[in-house]
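**Q** Starting off with a structure, shown below.
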Amino acid sequence: MSYQLINIVDASQNILCPYCQHAVLDWEQEQYIQPCEHTLFVAMDLGFEYASDVFEQSMPRSVDEIHAHDDQLDMWQELTSSRYPQYLIYKTDLGVQGLSRYVGITVA
Ligand SMILES: [Zn+2]
């Protein structure tokens with residue numbers, strides 16, 4: 001496995017990048033997704049909210065392809081079949097229908 005999963009219990013807390021301390025998920029902002037240079041992706045089970053070019057190129061399918069077939073989307077499968085060498089996945093429970101949000105951070 002090239003990723004490490006970190007479960008965040010409180011879905012309302014900001015998610016900070018461990019390298020630059022930037023709030024990648026910042027609930028005080030109207031646009032609450034604020035990727036930093038270490039952010040690889042922000043995604044929910046329903047689709048991507050952000051994907052960096054380098055991470056998208058490491059996935060077997062592009063974001064557009066994934067979204068085009070979102071009726072059969074398994075986001076966890078997509079995120080973890082990446083060839084990206086090493087990354088962290090912060091997972092939070094959205095509290096609806098068992099859905100989760102995933103934030104990917106590169107391991108520098
Ligand atoms: Zn960062």
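**Q** Only one of these is over 15 Å from residue 84 (Cβ atoms) and either at pLDDT 95 or above or basic (Lys, Arg) (or both): 8, 33. Name it.
**A** 33
**Q** Quickly run through the stretch 58-108 and pick out the residues that are among the hydroxyl-bearing types (Ser, Thr, Tyr) and either under 22 Å from residue 36 (Cα atoms) or in contact with a strand residue (DSSP E or B) (Cβ under 6 Å, 6 or more places away or on another chain) (or both).
**A** Result: 58, 62, 80, 82, 84, 87, 90, 92, 100, 102, 106.
**Q** Let me ask something else. Please count how many residues of the stretch 1-53 are part of a loop (DSSP other than H, G, I, E, B) and either of a type outside the set (A, V, I, L, M, F, W, C) or in contact with a Cys (Cβ under 8 Å, 6 or more places away or on another chain) (or both).
**A** Here the count works out to 24.
Yes or no, residue by residue, for (1) under 22 Å from residue 106 (Cβ atoms); (2) within 16 Å of the ligand (Cβ to nearest atom); (3) more than 13 Å from the chain's Cα centre (by Cα):
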{"site": "11", "(1), (2), (3)": "no, no, yes"}
{"site": "24", "(1), (2), (3)": "yes, yes, no"}
{"site": "33", "(1), (2), (3)": "yes, yes, no"}
{"site": "38", "(1), (2), (3)": "yes, yes, no"}
{"site": "44", "(1), (2), (3)": "yes, no, no"}
{"site": "54", "(1), (2), (3)": "yes, yes, yes"}
{"site": "64", "(1), (2), (3)": "no, no, yes"}
{"site": "67", "(1), (2), (3)": "no, no, yes"}
{"site": "77", "(1), (2), (3)": "yes, no, no"}
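**Q** Checking the conditions here, which among 70, 53 is at pLDDT below 95 and either surrounded by fewer than 20 Cβ atoms within 10 Å (Cβ to Cβ) or of a type in the set (D, E, K, R) (or both)?
**A** Of 70, 53, the one residue that is at pLDDT below 95 and either surrounded by fewer than 20 Cβ atoms within 10 Å (Cβ to Cβ) or of a type in the set (D, E, K, R) (or both) is 70.
**Q** Let me ask something else. Would you call residue 89 in contact (Cβ under 8 Å) with a residue 60 or more places away in the chain and either away from the ligand (no atom under 16 Å from the Cβ) or within 14 Å of the chain's Cα centre (by Cα) (or both)?
**A** Taking the combined requirement at face value, the residue satisfies it.
The values are calculated or read from the model by the stated rules, or taken from the named source; none is laboratory data. Quick caveat: nothing in here was measured; it's all calculated off a predicted structure. A quick note on method: Cβ atoms are made from the backbone with ideal geometry, for glycine too, and the neighbour counts reach across all protein chains shown.
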